[in-house]
Amino acid sequence: MAEQGGGGCCPPMDLFRSESMQLVQIIIPNESAHRTIDYLGEIGLIQFKDLNAEKSPFQRTYANQIKRCGEMARKLRLFKEQMSKAGLLSSSVSATQVDLSFDDLEVKLGDLESELIEMNANGDKLQRSYNELVEYKLVLQKAGEFFHIAQSSAEALHREHASNQTGEQSLETPLLSEQEAVTDPSKQVKLGFITGLVPREKSMAFERILFRATRGNVFLRQAVVEEPVTDPVSGEKVEKNVFAVFFSGERAKSKILKICDAFGANRYSVPEDLGKQAQMITEVSGRISELKTTIDVGLVHRGNLLQTIGNQYDRWNILVRKEKSIYHTLNMLSIDVTRKCLVAEGWSPVFATKQIQDALQRATHDSNSEVGAIFRVLRTREMPPTYFRTNKFTSSFQEIVDAYGVAKYQEANPGVYTIVTFPFLFAVMFGDWGHGICLLLATMYFILREKKLSSQKLGDIMEMTFGGRYVIFMMSLFSIYTGLIYNEFFSVPFELFGRSAYGCRDPSCRDSTTAGLIKVRDTYPFGVDPAWHGTRSELPYLNSLKMKMSILLGVAQMNLGIILSFFNALFFRNGVNIWCQFVPQMIFLNALFGYLSILIIVKWCTGSKADLYHVMIYMFLSPTDELGENQLFAGQKTTQLVLLLSALVAVPWMLLPKPFLLKAQHTRHQGQSYTALQEAEESLLVESSDDSGHHEEFEFSEIFVHQLIHTIEFVLGAVSNTASYLRLWALSLAHSELSSVFYEKVLLLAWGFNNVIILIIGIIVFIFATVGVLLVMETLSAFLHALRLHWVEFQNKFYEGDGYKFSPFSFTLIDGEDE
Amino acid sequence: MGFLVTTLIFVVVGVIASLCARICCNRGPSTNLLHMTLIITATVCCWMMWAIVYLAQLKPLIVPVLSEGE
C-alpha cells in the first residue's frame, strides 16, 4: 500500500491526507540502547512494533527492571498518600538539582521509605500511649468524682443517722441498725470495682448485659464525657462514657471482665484512696505533657521529611515513569545475542527521518559507544498507521471524525470540511444570535483561561466542554451568523439591515389582518424580513423556507462527499472507482435531487405557483404526461425524461462494470507475477513476515455481492439521506418555537402584570429556561444531529475509516497519563 | 440588483479573509492551502444560507397576515 499511494493529484494540504509513513528498522548497540530509546521518546515520533509478541511479560529481557520500576512507583504512591494525609502538596521548587540516575533513585527511595515507615510506627506507638493516658486521666477524674460523691453522701447519711440517734432515742429506732453500721466496713472491703470507658452508643446495652449476667448483683455508675475521646486502638474520635462497676466475688469479676472485652470497653485501674487518686492524676498529667512534646517533635521531623520528599516528588515520579516506559519499549525489541545489539522496528512519519537520525547520533556520542546505530527504511505491504498533525484548534474536530472511525492511511480526511460544515449545520439548527452570543461568552471564558484550565483537573462534563472549546467557539460564531439570517435575538426580530419590504395595501390598513400586507419595497437585504414575526402566516412561510433550505444544503453537502470520493480515487490512481462509481453516483444524485434543488431555486426566482411535490412524483409515475400548470420552464418534460433515463442507467452502471473490471485486472496481475518470481527471492530476505495479504484470494462472487450492497445502499441512501437533512428544518423550528414561547409566555406575561416582584420572578424563570433548555439541551441535541449528518449522510459517500491510529512512543504522552 | 451586489460583498469578504490568513499566518504552502479551503468553505456556506433566504423572499407567494390583536 505504501508504494501504491503518494499519487500527486493536487497540491498537498495539511490535514487532508494523513502523513506519509515508513517502516524503519534501527539496529542499536547494546550499550547505547537505553539512551537511544530515551532520546527517541523525547522526539516521540516512532511507534515501535512488538517483535517479541510471542513472549510473556516475564520472559522478556528487561522484566526485572520493569519490576523494579513498579516497586519504585509503589513507594512513590506511599509517599503521595502520606503527603496528602499530612496536607502537603508536591511542588517542583528545586527543579534545578542534578539528575539522579535510576539506581541512585532506587536506593534513595528505599531509604526514605524505611525511614518514613519507622517514623510512622514510632509515631503510632506514641500516639497510642498518649491516647491511653488521656483516657486514663478522664477515668481518674470521673471515677474520682463518683468516690467523692459517694463518700460525701455516705458521710451525710452517717451524720443524719447520728443526729437521728442522738435526737430521738425512741422505741421505734431499729436495734439492728447499729449492728449493721458496725459490720458495714467489713462488707465494703469485699466489694471490688472496675473502672473504664465504654463507647456511648453501646453503654445502654453494656449496662443491661452486666445486669443480666450478674443477676443484678452489681452497681454501675456512668458519667458522660462531653468531648469525643480518641480511641487508642482504632485511633478514631468516639463519644464515650466513663463507667465504674462495683461487684462482689471473683466469679462476677471474671464475667464483668469478659463483658468489658466484648464491648470494647477499655479498663483502667483506679486506686480507692482519694489522696492516691489525686496523686495519680498529677502523675498522669505530667506524663501526658511529656508525651505530647515528644509526639510534636516527631511530627515536625516527619513533616520535614515529607516536605523534602514533596520538593522532589514530581521529578522522581516523572523519572520513574520514563524509566518504566523505556524498559517497556526495550522489551519490544528483538535481541541479537551474538552481535550484542538490539533490533527495533517501527513506524515513523517520513518527515521525522532527519530528527530520528540526529537523535541516534547524539545517543551514540553521549554513551561513548564505538558503534553507531544503524537506521534504514524497510519496504512493506502492511497498512501504515494514520497520523494527522493537528493543533489545538483542529484536534477537537479531528476527534469528532476519529470517533466514527480512524481514516484509512492517506485517504481524504473529512475533518478538513468538518471544521466548517459541522458548526455551520449546528448553527442552522441553533440560529439565534442572542443565544449565539451567550455561547460565545461561555466559550471565550474557556479559551482565555486555556493555560490555567488545561493544567488543572476538571470534572467529567467540564473536561469535555473544555476539550471541545474551539468546536463550541466556531458553533457560536456560526450561530450568530445564522441568527442574523433568521433575524432572531432571543426570538425577537430587529430591523438591522434596512426597512421591512412589506407594507399595508392602503393607508387605512384595514385588510392587513385578512388579506395581509403587500410587498412595497425591495426584498429585505439580509435575512428573514422582520415583518413576518408574530403574523399568522409566519409558520407556514418559515416551514416552507427552512424545509427547502434543508434540502438545498443537504444536496450540496452530499455532492461534496461524492466529490471527495473522486479525489480519493484520483489519489490512489483508481480509475475504476472514478468511472464506475463516482460518475454514476453524481449522475444519479443530481438527476433526482440536484434537479429538485434547481426546481426550488427556479420556483423562487420566477414566483411560479407550480407544485414541486407533484412535479417530482409524476416525474416517476408518468413521465410522458403533460405538466400543465406545473411547468416551470420550457422543455421541462424533455429534460425530466432525460434525467430520469440517466438516473435509471446510472444504477446498473454502478453495479455491473466494476466487478468485471476488477476481475480482468486481477487475471492480468497474475500473469505478471509469474515473471516477477525471481526478484521476489531478494525481497523475501527483507520482508519475511510482511507477506500477508500480498496475493489475497480473488472471489468474484464476494466482490459482486459487495458491489450490489454498495449500489443498493447508495440508491436508497440518496432518498433517505436527503430526507434525513430535513432534521435541520425540524430542529431549527423547535428551537425558534421554544425560544419564542419562553419570551412571550414568560417574559412578556410577567411584564404585563406591572409588578416588580412578578417581573423579577419572570426574568429569573426566563433566564433559567433559556440557559437550561435552549443553551444546554438544545445545544446538545443540535450537536448530536449535526454529528449524525456528518457521520452518516456526509461520510458514507467517501469515507472508509478502517485505519488505525499512530500511537508513538513519547514522553509527553506519558506525563499526562494518570497513575 | 441586490442579489449580485451582496454576492459580490461575500466574494470580497472571502478574498480579504484569505489574504489576511495568508499574510498573518503564513506557515508553508500546505497550511496556507488548508486555511484557504476553510475560508472558502465557510464563505460558501454563509453565502448559500443568505442566498437561499434572499431568493425565497424575492417573489413571495404568501404574504404576512397580521394577527387579530395587533
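Laboratory data are not the source of any read-out in this text; all were calculated from the coordinates shown. Since the model is a prediction, treat every value here as computed from it, not as a measurement. Reconstructed Cβ throughout: ideal geometry from the backbone, glycine too, with neighbour counts over all protein chains shown.
Values as computed for the structure displayed
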read-out	value
A:Leu257/A:Val297 FRET efficiency (R0 35 Å; Cβ-Cβ; nearest 0.05)	0.40
Residue order, fewest to most surrounding Cβ atoms within 10 angstrom, among A:Cys504, A:Cys10, A:Cys580	A:Cys10, A:Cys504, A:Cys580
Among the listed pairs A:Lys457/A:Lys805; A:Lys108/A:Lys340; A:Lys75/A:Lys125; A:Lys603/A:Lys745, those beyond 30 Å (Cα-Cα)	A:Lys108/A:Lys340; A:Lys603/A:Lys745
Note, ³J(HN,Hα) from phi for region A:247-254, Karplus 6.51, -1.76, 1.60, rounded to Hz, x at Gly and Pro	8, 9, x, 6, 5, 4, 4, 5
Exercise: per-residue mean of other protein chain Cβ atoms within 10 Å, A:604-611	3
Label zone at B:Ile16, where the point sits 7 Å out along the Cα-to-Cβ direction: region A:415-429 residues whose backbone N lies under 13 Å	none
Estimated dipole of region A:396-533 in Debye, rounded to 20 [Cβ of Lys and Arg +1, of Asp and Glu -1, Cα centre]	280 debye
Burial ranking of peptide ranges A:430-438, A:328-336 (average Cβ count within 10 Å, highest at the top)	A:430-438, A:328-336
Residue-span extension gain [A:Ser269 to A:Phe494] - 0.36 nm each, minus C-alpha spacing	72.1 nm
For A:Lys797, A:Lys452, A:Lys255, order by how many other beta-carbon atoms lie within 10 Å, fewest first	A:Lys452, A:Lys255, A:Lys797
Packing-based exposure ordering (other Cβ within 10 Å, fewest first) of A:Val224, A:Val583	A:Val224, A:Val583
Distant-in-sequence amide H partners of A:Ser248 (H built 1.01 Å from N, under 5 Å)	A:Gly192
Cβ-based charge dipole, the protein assembly as shown, positive-most Cα from A:Ile601, A:Ser152, A:Leu291	A:Ile601
Theoretical FRET efficiency, 1/(1+(r/R0)^6), r = Cβ-Cβ of A:Ile598 and A:Leu89, R0 45 Å, to 0.05	0.10
Net charge over other residues, Cβ less than 13 angstrom from the Cβ of A:Leu787 (K, R count +1; D, E count -1)	-1
Isotropically averaged projected area of the protein assembly as shown, using the convex hull of Cα atoms (one quarter of hull area), nm²	66.5 nm²
Structure-based [θ]222 nm, the protein assembly as shown - -39500 (n - 2.57) summed over DSSP H runs of at least 4, per residue, nearest 500	-20000 deg cm²/dmol
Directionally averaged shadow of region A:498-557, computed from the convex hull of its alpha-carbon atoms, nm²	4.9 nm²
Furthest towards positive pole of dipole, A:Ala531, A:Leu439, A:Asn487, structure part region A:417-546, Cβ charges	A:Leu439
Loop-resident sites, region A:30-80, for GluC sites (Glu not before Pro), counting at most 15 other Cβ within 10 Å (DSSP)	A:Glu54
Cα-centre dipole for the protein assembly as shown with unit charges at Cβ (Lys and Arg positive, Asp and Glu negative), debye to 20	920 debye
Prolate/oblate/rounded call for region A:229-303, Cα gyration tensor, a/c under 1.5 rounded	oblate
Distance violations [Cα-Cα > 23 Å] among A:Lys80/A:Lys451; A:Lys519/A:Lys609; A:Lys637/A:Lys797; A:Lys142/A:Lys237	A:Lys80/A:Lys451; A:Lys637/A:Lys797
Using θ = phi - 60° and Karplus 6.51 cos²θ - 1.76 cosθ + 1.60, couplings along region A:121-127 (whole Hz; Gly, Pro as x)	4, 4, x, 4, 4, 4, 4
Per-residue HN-Hα couplings for region A:378-394 [Karplus 6.51, -1.76, 1.60; θ = phi - 60°; Hz; x = Gly/Pro]	9, 8, 8, 9, 5, 6, x, x, 9, 9, 9, 7, 9, 10, 5, 7, 7
Residues A:Glu463 and A:Ser129, FRET efficiency given R0 of 41 Å [Cβ-Cβ distance, rounded to 0.05]	0.30
Cα→Cβ-extended label distance, 7 Å offset, between A:Ser153 and A:Asp625, nm	11.1 nm
Rg(Cα)/(2.2 N^0.38 Å) for chain B, N = residue count	1.65
Distance-filtered residues of region A:712-737 - backbone nitrogen under 14 Å, label point 7 angstrom along A:Val576 Cα→Cβ	none
Partner chain coverage, peptide A:520-527 - average Cβ within 10 angstrom	4
Within region A:459-552: Cβ-based charge dipole about Cα centre, in debye rounded to nearest 20 (Lys, Arg +1; Asp, Glu -1)	340 debye
